[in-house]
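Enquirer: I'd like to ask some things about the structure below.
The values are calculated or read from the model by the stated rules, or taken from the named source; none is laboratory data. No experiment lies behind these values; they were computed from the predicted model shown. Note: ideal-geometry Cβ built from the backbone for every residue, glycine included; neighbour counts use all protein chains shown.
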Amino acid sequence: WVAIEILDMECGPYGFYRNAGPHWGYWRAVAPVRDGLVHFPPDFVVPVRPMIGVIQLESVASHPIDNGGNMDFNSIQPGSTVHIRAQKAGAYLSIGDTHARMGDGELTAAGVEIDAKVTLKVDRSPGFPNASPVVETTGYVESKEEWLTGGVGPTWGEAVKKAWIEMVALLIDRYDTTYEYANMIVGTIGDARPGFATEYIGSYCTCQIAITKQLRRTGTPYKA
């Protein structure tokens, strides 16, 4: 397993975005980025929230998401560590598809697409009992500390199911618990977050299940 910590992202001065969805159009526009703000016409601004759409190690098979890839998860941003199981000696890390900002789901199949200078720290990961990458974050939106597992499928439901299975496996390992208890926790407090949710454009969806790191075991069952 390889741990890829995202230390910093410096976005370029101009990005672009496009018009799609229910009011589909051919309009693409340039989005200037100045002083930490993304500018939209006529006078809208929003803070930059850089993220990486594609992060992967080289694969020996064509199984989607096992080695990372075009996951489009907003959790993959500065302050996060992405854990990916290496499939080849040397791992062969690559990244791309950087955004100054992107909504969950990447609804038009694009965020604010932009060039970026990315600073990474790459190290050996302790490993996880998972088939797909695990994201460990301390900087997602409001500095939440979470574990996140991912899934991909032809529909949103299939992607959720796979991410759910991966999170159950992680909780069993990290919290030394049973399948039944882990599944109950995921189903009750897990957050399902879309990565790429527009299967009408790309024929697939990606999803993450997030569990807060505030979850802990007391060692003593609750008694009323």
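Enquirer: Considering only residues that are more than 18 Å from residue 163 (Cα to Cα) and in a strand (DSSP E or B), which ones fall in the stretch 81-97? First the steps, then the outcome.
Expert: From the stretch 81-97, those more than 18 Å from residue 163 (Cα to Cα) are 86-97; that's our starting set.
The answer is 94, 95, 96, 97.
Enquirer: Going residue by residue through the stretch 27-34, is there one that turns out to be in contact with a Phe, Trp or Tyr (Cβ under 9 Å, 6 or more places away or on another chain), among the basic types (Lys, Arg) and over 22 Å from residue 144 (Cα atoms)? Spell out the reasoning first.
Expert: The initial filter retains those residues of the stretch 27-34 that are in contact with a Phe, Trp or Tyr (Cβ under 9 Å, 6 or more places away or on another chain), namely 28-33.
Going one step further and asking which of them are among the basic types (Lys, Arg), we end up with 28.
Applying the additional criterion that residues be over 22 Å from residue 144 (Cα atoms) yields 28.
Among the residues of the stretch 27-34, at least one is in contact with a Phe, Trp or Tyr (Cβ under 9 Å, 6 or more places away or on another chain), among the basic types (Lys, Arg) and over 22 Å from residue 144 (Cα atoms), which makes the answer yes.
Enquirer: Right, next: For the stretch 49-75, how many residues are at pLDDT 95 or above, buried (at least 20 other Cβ atoms within 10 Å of the Cβ) and among the β-branched types (Val, Ile, Thr)?
Expert: Total meeting the criteria: 2.
Yes/no per residue for (1) within 26 Å of residue 108 (Cα to Cα); (2) in contact with a His (Cβ under 9 Å, 6 or more places away or on another chain); (3) touching a residue at least 24 places away in the same chain (Cβ under 8 Å); (4) among the β-branched types (Val, Ile, Thr):
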| residue | (1), (2), (3), (4) |
| --- | --- |
| 121 | no, no, yes, no |
| 138 | no, no, yes, yes |
| 150 | yes, no, yes, no |
| 189 | no, no, yes, yes |
| 195 | yes, no, yes, no |
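Enquirer: Pick out, from the stretch 4-71, the strands (runs of 3 or more DSSP E) lying fully within it that include 2 or more residues that are closer than 18 Å to residue 112 by Cβ. Break it down stepwise before answering.
Expert: Details: elements: 28-34, 37-40, 44-47, 51-56, 68-70.
Filter on the stretch 4-71 gives 28-34, 37-40, 44-47, 51-56.
Enquirer: Right, here's the next one. Considering the stretch 98-118 alone, what residues qualify as being under 15 Å from the mean Cα position of the chain (by Cα) and outside any loop (DSSP other than H, G, I, E, B)?
Expert: 98, 99, 105
Enquirer: Please determine whether any residue of the stretch 191-198 is crowded, with 16+ Cβ neighbours inside 10 Å, β-branched (Val, Ile, Thr) and touching a Leu at 6+ places or on another chain (Cβ under 9 Å).
Expert: Scanning the stretch 191-198, I find at least one residue that is crowded, with 16+ Cβ neighbours inside 10 Å, β-branched (Val, Ile, Thr) and touching a Leu at 6+ places or on another chain (Cβ under 9 Å), so the answer is yes.
Enquirer: Tell me yes or no: at least one residue of the stretch 167-179 is hydrophobic (A, V, I, L, M, F, W, C) and free of Cβ contacts under 8 Å to residues at least 12 places away in the same chain. Talk me through it step by step, then tell me what you get.
Expert: The first filter runs over the stretch 167-179 and keeps only residues hydrophobic (A, V, I, L, M, F, W, C), leaving 167-172.
So of that shortlist, the ones also free of Cβ contacts under 8 Å to residues at least 12 places away in the same chain come out as none.
No, the stretch 167-179 contains no residue that is hydrophobic (A, V, I, L, M, F, W, C) and free of Cβ contacts under 8 Å to residues at least 12 places away in the same chain.
Enquirer: Here's something else I'd like to know. Using the structure shown, decide if residue 163 is buried (at least 16 other Cβ atoms within 10 Å of the Cβ) and farther than 18 Å from residue 134 by Cα.
Expert: no
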